[in-house]
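K.L.:
Got a structure for you, written out below as structure tokens; questions coming shortly.
The values are calculated or read from the model by the stated rules, or taken from the named source; none is laboratory data. Quick caveat: nothing in here was measured; it's all calculated off a predicted structure. Here Cβ is always computed from backbone atoms with ideal geometry, including for glycine, and neighbour counts include all displayed protein chains.
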Amino acid sequence: MNNSVSNTGRLLWAGLRALLVLTLVTGVIYPLAVTGVAQALFNGKAGGSEVKADGKVVGSSLIGQAYNLPLKKGQETPEPDLKWFQGRPQNGLGTNSVNTQYQLILSGATNRSADNKDLIDWVTAAKAAVVKDNSVPGHTVRPSDVPADAVTSSGSGLDPDISPAYAGLQVHRVAERNGLPVAQVRKLVDEHTEGRALGFVGEPRVNVLELNIALKALTAKS
């Protein structure tokens, strides 16, 4: 009986020591080491890839933002502020989307099939709006000019980037709204176009937040 109690006591003490050591290693030392390395070598990414303007954090380069006008009385959906470059549709996933207006509580897509009537209606309406918004005197946008990312959300609904084609499509409208030369705005887009990672991974892209920060600086100079 005494041997049995003694053995049980030793096993319990060994288990408790193992629990304490593993808790210390995996719950304290390892997280601190990983955090320390991340902060030392990848400080910006570890801190959320913050984007600053005028000395203040204005967002993250990883998460899209809305550029809308304030809601008018009786309005439920804000209108886009067309003096800024616009990102991918915030509610292009449909009315049952878990992520509208770039809300960060949830993200995801509705996974509608390509021949779904609702999806076709949403894309058709979005394309008509893009054509209308970006056609300015002396420059008319054709439906065939509208790229896919101008009328659809990404899988997460939080995509911060647009294609160079969609950014280029907006150049004339942004220039007209801000009283800037088209060539100057197009140069701004070219300067903020990133190529494929490692030269072959992904697609060329333009970060909308960083582009609009540069646009604000350019309009301030003008």
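K.L.:
Leu211 versus (1) surrounded by fewer than 21 Cβ atoms within 10 Å (Cβ to Cβ); (2) at negative phi; (3) not acidic (Asp, Glu): which is the lone unmet condition?
P.N.:
(1)
K.L.:
For segment 78-104, name all the residues that are within 30 Å of Ala217 (Cβ to Cβ) and either at pLDDT 80 or above or more than 15 Å from the chain's Cα centre (by Cα) (or both).
P.N.:
Across segment 78-104, the qualifying residues are Pro78, Glu79, Pro80, Asp81, Leu82, Lys83, Trp84, Phe85, Gln86, Gly87, Arg88, Pro89.
Here's the yes/no breakdown for (1) at pLDDT 95 or above; (2) buried (at least 18 other Cβ atoms within 10 Å of the Cβ); (3) in contact with a Pro (Cβ under 7 Å, 6 or more places away or on another chain):
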{"site": "Pro164", "(1), (2), (3)": "yes, yes, yes"}
{"site": "Gln170", "(1), (2), (3)": "yes, yes, no"}
{"site": "Ala175", "(1), (2), (3)": "yes, yes, yes"}
{"site": "Lys187", "(1), (2), (3)": "yes, no, no"}
{"site": "Glu194", "(1), (2), (3)": "no, no, yes"}
{"site": "Gly202", "(1), (2), (3)": "no, no, no"}
{"site": "Leu218", "(1), (2), (3)": "no, no, no"}
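K.L.:
Here's a follow-up. Say we look at segment 44-73 and pick out the residues that are of a type in the set (A, V, I, L, M) and in contact (Cβ under 8 Å) with a residue 24 or more places away in the chain; which of these is surrounded by the most Cβ atoms within 10 Å (Cβ to Cβ)?
P.N.:
Val51
K.L.:
If you don't mind, another one. Is it fair to say Asp115 is assigned to a loop (DSSP other than H, G, I, E, B), modelled with pLDDT of 85 or more and in the same structural domain as Arg88 (by TED's automatic domain parsing)?
P.N.:
The answer is yes for Asp115.
K.L.:
Moving on. Scan segment 74-83 for residues that are touching a residue at least 12 places away in the same chain (Cβ under 8 Å) and within 19 Å of Gly157 (Cβ to Cβ) and jot them down.
P.N.:
Thr77, Pro78, Pro80
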